[in-house]
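The values are calculated or read from the model by the stated rules, or taken from the named source; none is laboratory data. Remember, predicted model here, so these are calculated numbers, not experimental data. All Cβ positions, even for glycine, are placed from backbone atoms using ideal geometry, and neighbour counts span all protein chains on display. The protein model used for the area step is the full one, side chains on, heavy atoms only, and it has no ligands, DNA or RNA in it. Shrake-Rupley method; radii C 1.70, N 1.55, O 1.52, S 1.80 Å.
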Amino acid sequence: APQQTQPSPQHAQRSTMSQSGKPMRTQPPGVVATGQPEQLKGVRRNMARVMADAHSKVVPTTLVDDADLHAWIGKQDITARLVRSMVAACKAVPALNAWFDGESLTRTLHPHVDIGIAVDTDDGLFVPALRNADMLDAGGIRTAIQRLRTQVGDRSIPPSELSGYTISLSNFGMFAGRYATPVVVPPCVAIVGAGKLCHDVVAVMGGIEVHRRMPISLTFDHRAATGGEAARFLKALLDDLSLPQ
C-alpha cells in the first residue's frame, strides 16, 4: 500500500497574509457568531413555513413594467387606485384571479375579487383579505383597508380574514424598492407588487417630458397561467392606472 504523507507543518495552517503581503481572511464570515440563536415563534414561524411551502410548490415567473401616472388629476388615493386597477385586470383576464391545485391539476376561476393585502409588522408578515374589492368604491376600499390594518396592529383580526383571498398585493414601494419578485402563496396564482413612485424622463413625440411613474411587478404561477395571460393582465392593470381619475 502506498505511504500516506502527512501535511507539512508549513501547510497545516494557512497564512494570514496573501501573496501580495496584505492581511486576508482565513475563514468565512459568520463562523463565529456574536449573537444568540432565536427560535422563531408565532407569526414569524408561520411565515417561514408558508414561504418554504410556496418555494417548493410554485413555478414563479415575474413581469415588470411602469405605470404612467402623468394623466392623474389632483391628489388621489394610490392604494385605492391599485386595488381598482387589479379588479379591472382580474375582469379582463380571470386566469390570474384564480386558485390552482398542483396535486390534482385543477384550476378554480373566481367571479369575485378578494385581495390579500400584505401588511408588514415587527412580529412578521400578515396578509388580511380585502373582501369583495370589485364591489367597493374608493372610499369603501380606504375604509376597509384601514380597518384591516388596525385589526392587524392590535392583533384582533380573526384567522378567517387571513386566508381565502383570490389574488395578492404587496405595496412595498411605500418603504423602498422599485421592482421585486413577490412570493405567490398557493393556492393563489398571482401577486402584484407596487414599487416606489418616481419621476422619470420619458420620450414623447417631439421631445422628452418628466412623468410620474409607478413600477409594477407581477409574479404568477406559470403552471396555472400562460405568459400571454400574465402580459394581458399586466397591460389591463397599467391601462387602468394611467386613467386621469
Checklist entry - What relative contact order, as a whole-number percentage, does region 85-229 give when Cα pairs under 8 Å and 6 or more residues apart are counted? => result 23 percent
Checklist entry - Per residue, how much accessible area does the chain show when a 1.4 Å probe rolls over the protein heavy atoms, in square angstrom? => result 60 Å²
Item to check | Fraction of the pair-distance distribution of region 137-200 above 17 Å, Cα-Cα pairs, percent | outcome: 58 percent
Checklist entry - Looking only at Cα atoms, what is the convex hull volume of region 35-132 per residue, in Å³? => result 191 Å³
Checklist entry - Of the accessible area of the chain, with the probe set at 1.4 angstrom, what percent is carbon plus sulfur? => result 56 percent
Checklist outcome for this item: In terms of the charge dipole of region 63-242, which places +1 on Lys and Arg and -1 on Asp and Glu at the beta carbon, the residue among 87, 119, 184 farthest towards the positive end is 87
Next on the checklist: Let me check I've understood the local charge: for residue 174, count other residues with C-beta under 11 angstrom from its C-beta, Lys and Arg +1, Asp and Glu -1. What total comes out?
Outcome noted: 0
Checklist entry - With contacts defined as alpha carbon pairs under 8 Å and 6 or more residues apart, what's the relative contact order of the chain in percent? => result 27 percent
Checklist outcome for this item: Classified through the alpha carbon gyration tensor (a ≥ b ≥ c as square roots of its eigenvalues; rounded if a/c is under 1.5, else prolate when a/b is larger than b/c, else oblate), region 107-158 comes out oblate
Checklist outcome for this item: Partner lysines whose C-alpha sits under 25 Å from that of residue 75, ignoring same-chain residues fewer than 8 away, are 196, 235
Checklist entry - Binned at 10 Å from 0, what are the whole-percent values of the Cα-Cα distance distribution for the chain, short to long? => result 7, 26, 28, 15, 10, 8, 5, 2, 0
Item to check | Cα-centre dipole for the chain with unit charges at Cβ (Lys and Arg positive, Asp and Glu negative), debye to 20 | outcome: 600 debye
Item to check | Whole-angstrom gap from region 186-245 to region 30-89, using each part's C-alpha centre | outcome: 16 Å
